[in-house]
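What follows draws every value from the coordinates through simple rules; no lab data is involved. What you are looking at is a predicted structure, and each value in this text was computed from that prediction instead of being measured. FYI the Cβ positions are ideal-geometry reconstructions off the backbone, even for glycines, and counts take in every protein chain you see.
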Amino acid sequence: MPHEHDDHNAHSLLPSEPALRVRALETILTRKGLVSAETLDEIIDVYAHKIGPHIGAKIVARAWIDSDFKQALLTNAESILGEMKLAGRQGEHVQVVENTANIHNMVVCTLCSCYPWPLLGIPPSWYKSDAYRKRAVREPRAVLAEFGITPSQTQSVRVWDSTAEMRYLVLPMMPVAAAGCDEATLARWVTRDCMVGTGIPKAPQI
Amino acid sequence: MSQQKPHDMGGMLDDTIIISTDSRDDEAQIFHEPWHARALAVTLAAGALGKWNLDASRFARECLPADDYKKFSYYEKWLAGLCNLLVTHKLITREEIKAGTAESAAPHDRMLKPEIVSNVLANGGPVRRDIAQKSQFEIGARVRTKRISDTLLVPDGHTRLPAYAAGKQAVIRDCHGAHILPNAHAHFRGEAPEPLYQIAISAAELWGENAVAGDEVILDCWESYLEAVR
């Protein structure tokens, strides 16, 4: 075979069905003592049940009602999140960027799928799609329109391409209708997409 | 200039709708198939063996044959990249892959144990480093991004400068301190930390005069990706 010794092609020896490919690798690695099945279950449990956008939503809600916290978050998110034990894998270095009457922020990773895991969990499929990766930098306003967002006349669009280990979280504007809500209720207005910049806060379903 | 790789797709024309209305509810799901979760977990667990770093694992995915990169779904790319790293680093063999199994062995010294998973994930792996070297560019300075080929330390190697942003005028917005340089780290040439800058490139500079004035793209670029503009 022409590619027998090419390091970039060993994967072609795996079964054609993806689920069987994972099973084959998992079997080989567990038998060789390189990974343990319990470890895999534990990792899945963390990302399926523990870490997700509810964490980022709490941060946003607190920033909406606590201006000192908000200032600290905008100037040095890394130390604040570190103190809160929220600077884990794929979120060691975070910057929070604020939407204002003049700026609408949105986040992409054109080269792969970088995303602030400790605050939002595993990225959704659309964030990892070729279409989003290609289009977000080139025609952000058309992309935003697909997500139902039209920036106002005064708003510039600022797209953050996550090219290094800096991770970006959008701090959306608090809707006028949410004024007066307590922190826990406010957190329910904050969707995953609005922290990526492709959504706006929505009144929680009762 | 080296050929643009398939992963470097930012700014390419594409009229695909990003999410259709029907699939919107489905987007709340974290793992669409059970094997997606297994693929993520096995990739993280194998990474913990310490034979490669995050930059090397990104590079492994970027090196997939172009046809595979385009055809594979997200986690299929992860699996293929992982498989190739496992073989390159001699953790598994081609014969074992063909057989779909291996001789049983005692746990590896560095095998990630289930009881420390939460801690390992919560601690992450910071990449900022203290360096003596002073950063070359001031905030507000005008710079130009280099050509892709001028950022590579290894021919056809890894870089985090996207093609659409190469050779463009930019302004320094901030400096994040020194970060590990992926262009070296992906190839096991040490961490080689360099100042990492946040730069702004106007949409007009990137896409021409039809772009909306004031719109811009922000990227993080290492010092060796940039040159001064007089």
Practice problem: Return the only residue of A:K85, A:K70, A:K32 being under 25 Å from the mean Cα position of the chain (by Cα) and within 27 Å of B:L112 (Cα to Cα). | Solution: A:K85
Practice problem: Would you check which residues across segment B:76-101 are within 7 Å of chain A (Cβ to nearest Cβ), part of a helix (DSSP H, G or I) and more than 14 Å from A:R21 (Cα to Cα) and list them? | Solution: B:V87, B:T88
Exercise. Please determine, by comparing only the residues of segment A:13-51 that are more than 7 Å from chain B (Cβ to nearest Cβ) and not in a helix (DSSP H, G or I), which one is surrounded by the fewest Cβ atoms within 10 Å (Cβ to Cβ).
Key: A:S16
Self-check item: Selection status of B:V143, farther than 30 Å from B:D8 by Cβ and surrounded by 15 or more Cβ atoms within 10 Å (Cβ to Cβ)
Solution: no
Practice problem: Just name the residue that is nearest to B:L54 (Cα to Cα) out of those in segment B:114-127 that are facing chain A (nearest Cβ under 7 Å) and loosely packed, with under 15 Cβ neighbours inside 10 Å. | Solution: B:G125
Quiz item: Taking segment A:149-169, which residues are part of a loop (DSSP other than H, G, I, E, B) and among the β-branched types (V, I, T)?
Solution: A:I149, A:T150, A:T154, A:T163
Exercise. Report the residue count in segment B:45-57 for those that are buried (at least 22 other Cβ atoms within 10 Å of the Cβ) and at the interface with another protein chain (Cβ under 8 Å from one of its Cβ atoms).
Key: 2
Self-check item: Candidate set: segment B:128-150, residues that are away from every other protein chain (no Cβ under 12 Å) and hydrophobic (A, V, I, L, M, F, W, C); chosen: the one nearest to A:A87 (Cα to Cα)
Solution: B:I131
Self-check item: Inter-residue pairs, beta-carbon under 8 Å, first at positive phi and in segment B:44-56, second of a type outside the set (D, E), 6+ apart
Solution: B:G50/B:R110
Practice problem: Among what's in segment A:94-115 and is assigned to a loop (DSSP other than H, G, I, E, B) and within 11 Å of another protein chain (Cβ to nearest Cβ), pick the residue that is surrounded by the fewest Cβ atoms within 10 Å (Cβ to Cβ). | Solution: A:N102
Quiz item: Can you tell me which of B:E209, B:E191, B:E227, B:E223 is among the charged types (D, E, K, R) and touching a His at 6+ places or on another chain (Cβ under 7 Å)?
Solution: B:E191
Quiz item: What residue, of A:V108, A:V96, is of a type in the set (A, V, I, L, M) and touching a Leu at 6+ places or on another chain (Cβ under 6 Å)?
Solution: A:V96
Quiz item: Going by the conditions given, is B:L181 in contact with a helix residue (DSSP H, G or I) (Cβ under 9 Å, 6 or more places away or on another chain) and more than 26 Å from A:E78 (Cα to Cα)?
Solution: no
Quiz item: In segment B:167-195, how many residues are in a strand (DSSP E or B), free of Cβ contacts under 8 Å to residues at least 40 places away in the same chain and of a type outside the set (V, I, T)?
Solution: 1
Practice problem: Six or more apart or on different chains, Cβ under 6 Å: which pairs go from a residue in segment B:204-219 that's without any contact (Cβ under 8 Å) to a residue 40 or more places away in the chain to one that's polar (S, T, N, Q)? Could you list them? | Solution: B:E205/B:Q169; B:G214/A:S156; B:D215/A:S156; B:E216/B:S202
Quiz item: Under the condition of being out of contact with any helix residue (DSSP H, G or I) (no Cβ under 6 Å at 6 or more places or on another chain) and surrounded by fewer than 14 Cβ atoms within 10 Å (Cβ to Cβ), which residue from segment B:102-112 is farthest from A:R21 (Cα to Cα)?
Solution: B:D109
Quiz item: If you go through segment B:155-165 one residue at a time, do you hit one that is away from chain A (no Cβ under 12 Å) and of a type in the set (A, V, I, L, M, F, W, C)?
Solution: no
